[in-house]
Amino acid sequence: MRKTVHKLEKVMKPIYKRILLKLSGEGLMGDKNFGMSAEVIQRLAGQIKEVHDNGVQICLVIGGGNIFRGAKEAVNGMNRTVADQIGMLATVMNALSMQNALEKIGVSVRVMSGIHIIIFAGGTGNSYFTTDTGAALRASEMQCDALFKATQVDGVYDSDPRQNSGAQRYTAVTYDEVINRQLKVMDTAAVALARENNIPIIVFAQKGDQALADAVSGQGNFTIIKQEV
């Protein structure tokens, strides 16, 4: 007699009630060299929905580096203010794409509006500030319990693990250590703003269907940046 094996679903137990999720524009490209990957956006939307359905309030900030990088163009001769303004428009395009993906799977969401999930586009609205700083600013304004930064690596390292195989990952590190050691994870202004408002920053790898759910539940590999370790 054949036994029926029932696969046990992983139960998510979030430890945060309200979060801000910072996604990089580059993370939306997938295997492309430019633009957006529909597959990546759909996968991220599914993860966001899962976390939202488990009672977590979510805000999003999405970078625009997959379309236009203002700082890079400024180095090449474009006026920095104009370059940053174009970069802000790129974040709006990414935000609208994510909104569309979330709405298709039944999530109530608006860009720059307070429904169930909020996507903040356009950075801070000012040149010379990145979306990292915008994320820290919005997390502070929305009184979020934590700021989650999805990256291409699973946390904060003492050097770039993609270039140095001996790089060491921190499980926890203070705001001051990130600033003083110039660990390249977020802009100094973003880390300082999170420190001022005592908002922990959780840095985790975007890759994986359960990446966000695991990070919000305190599981998997990640680095937490906070006041004291």
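Key figures for this structure:
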{"item": "Centre separation in Å (Cα based) which lies between region 169-229 and region 24-94", "result": "19 Å"}
{"item": "Accessible-area value, residue 32, 1.4 Å probe, nucleic acids and ligands omitted, Å²", "result": "100 Å²"}
{"item": "Accessible area of residue 11 in the full protein assembly, 1.4 Å probe (Å², nearest 10)", "result": "100 Å²"}
{"item": "Cα lying deepest toward the dipole's positive end in the chain, options 126, 200, 216, charges on Cβ", "result": "216"}
{"item": "Spacing of the two label points (7 Å from each Cα toward its C-beta) at residue 105 and residue 50, in nm", "result": "0.8 nm"}
{"item": "Violating pairs (Cα-Cα greater than 20 angstrom) within the set 32/184; 32/104; 17/226; 49/226; 32/207; 72/207", "result": "32/184; 32/104; 49/226; 72/207"}
{"item": "Residue 222 accessible area, 1.4 Å probe, all protein chains in place, Å² to nearest 10", "result": "40 Å²"}
{"item": "Most to least packed among 163-172, 39-48, 57-66 [average Cβ atoms within 10 Å]", "result": "57-66, 39-48, 163-172"}
{"item": "Computed [θ] at 222 nm, helices only, for the chain once each DSSP H run of length n ≥ 4 contributes -39500 (n - 2.57)", "result": "-10500 deg cm²/dmol"}
{"item": "Solvent-accessible area per residue for the chain (1.4 angstrom probe, square angstrom)", "result": "54 Å²"}
{"item": "The chain, relative contact order in percent, only Cα pairs under 8 angstrom and at least six apart counted", "result": "22 percent"}
{"item": "Radius of gyration and Dmax over the Cα atoms of the chain, both given in Å", "result": "17.8, 74"}
{"item": "174, 81, ranked by accessible area, largest first (probe 1.4 Å)", "result": "81, 174"}
{"item": "Accessible area of the chain belonging to carbon and sulfur atoms, whole % at 1.4 Å probe", "result": "48 percent"}
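The values are calculated or read from the model by the stated rules, or taken from the named source; none is laboratory data. Not measured: the values here are computed from a predicted model. When we count neighbours, we look across all protein chains shown, and the Cβ atoms used for this are built from the backbone with ideal geometry, even at glycine. Note: accessible area is taken over every heavy atom of the protein model, side chains too, but ligands, DNA and RNA are not part of it. Shrake-Rupley method; radii C 1.70, N 1.55, O 1.52, S 1.80 Å.
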